[in-house]
Amino acid sequence: MRRREFIRLFSSTVVAWPLTARAQQAAMPVIGYLGVTSVNEQPQRLAGFQQGLAETGFIEGKNLLIEYRWAEGHFDRFPALATELIKRQVVVIAVLGTSQGAVAAKAATTTIPIVFSIGDDPTAIGLVASFNQPGGNATGIYLLVTELQAKRLGILRELLPSATRVAVLVNPGNTTLATVILRELEAASRTMGIEIQVFNAGSSEQINDVFAKLARDRPDALFVIPDAFFNGRRSQLAILAARYGIPATYPAPDFAEVGGLISYGPDITDAFRQGGNYTGRILKGAKAADLPVVQPTKFELVINLQTAKALGIEVPASLLARADKVIE
């Protein structure tokens, strides 16, 4: 082959390859992911979501594109972020870990399928008609957090048998879930002879203020209610609890893993995996209206023994024996 012909052939190949790659990329389905905080704060959960997608044959960058939108803890951004995803013409919106985000997505579209993973009862907040037959464009995972709180209070009492005064940390921006959980806690606390006192915090500054009050009031323990905002501030909560010497119980393993004393709740990473699996099934043709809302299959009790020792707490052997994970 003469040199001039080779150069012409090589040049045409170089031009054609990017065009082919772009065409292949354009042909990939695009889904939206509406997140609570940022990608750096939830790597394990995001990995769980991607694992669920892989179970149905979808790999990001290979045969699927994901448009991420992060609220960075500002729930008022969800409506605008959901609208951005709709304008991007995504074929599914995954909203995992936040009821507010799921509600915003549902308000923004009645046609694009929505997959959620939330602590609020999805029938109570209008996301689905029923668990078995969602009936609309949304389905997903109900995390059962309300039903678990009385059990979590009992675990706290087992850890601290003499505790009679427990502070409860609530996000005032999530009143629907907080109201239901407080009702359950109040009923359980009466049977256990525990007095609960509610403290509100909806920002990092307010969390600091609450701990300053707790340092003065000295409750026997702190009970952190399940909330996406608190999950995004889990390191701050664990650090302040350690600084002021306040034993605290948390709703998810993430908290104990960053220094929190004890946590009990659903395996959130696995719930995200379930969300990824549902997203993949919808991409393959399943309808959200026909996919029943499911519940977590894994629950974890995690004890941070290092934190217990620093607080001078001796963890009962019976509790250690039941723990799914002990951090030493």
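Worth a mention:
- Which of P161, N40, P134, positive extreme of dipole for the chain (C-beta unit charges): N40
- The range 229-305-the range 92-125 distance, computed between alpha-carbon centres (Å): 17 Å
- Residue among A94, G232, S204 farthest towards the positive dipole end of the chain, charges placed on Cβ: A94
- Think of the range 186-326 as a dipole: +1 on every Lys or Arg Cβ, -1 on every Asp or Glu Cβ, centred on the Cα centre; then among V294, A308, A323, V294 lies furthest on the positive end.
- DSSP beta bridges confined to the chain are antiparallel in about 10 percent of cases.
- Packing, as the average of other Cβ atoms within 10 Å across residues, places the peptides 269-278, 309-318, 169-178 in the order 269-278, 169-178, 309-318, highest first.
- Given charges at beta-carbon only (K, R positive; D, E negative), |dipole| of the range 184-328 in Debye: 300 debye
- Karplus (6.51, -1.76, 1.60) ³J(HN,Hα), θ = phi - 60°, over the range 232-239, in Hz, Gly and Pro reported as x: x, 10, 4, 5, 4, 5, 5, 5
- Residue order, fewest to most beta carbons within 10 Å, for D220, D227: D220, D227
- Spatially close lysines, pair count over the chain: Cα under 27 Å, gap of eight or more or interchain: 17
- This model, with +1 at the C-beta of Lys and Arg and -1 at the C-beta of Asp and Glu, gives the chain a dipole about its Cα centre of some 1220 debye.
- Structural descriptor for the chain: relative contact order 20 percent, calculated from alpha carbon pairs under 8 angstrom and at least 6 residues apart.
- Cα centre as origin, Lys/Arg/Asp/Glu Cβ charges: the range 137-251 dipole, Debye: 200 debye
- Packing here is the average count of other Cβ atoms within 10 Å per residue, and on that basis the peptides 254-267, 196-209, highest first, run 254-267, 196-209.
- Virtual spin-label span in nm between T176 and A129, 7 Å along Cα→Cβ: 1.9 nm
Bear in mind these aren't lab numbers, they're just calculated from the coordinates by the rules spelled out. This structure is a prediction, so every number in the text was calculated from the model and none was measured. Heads up, the Cβs are rebuilt from the backbone with ideal geometry, glycines too, and the neighbour counts pull from every protein chain shown.
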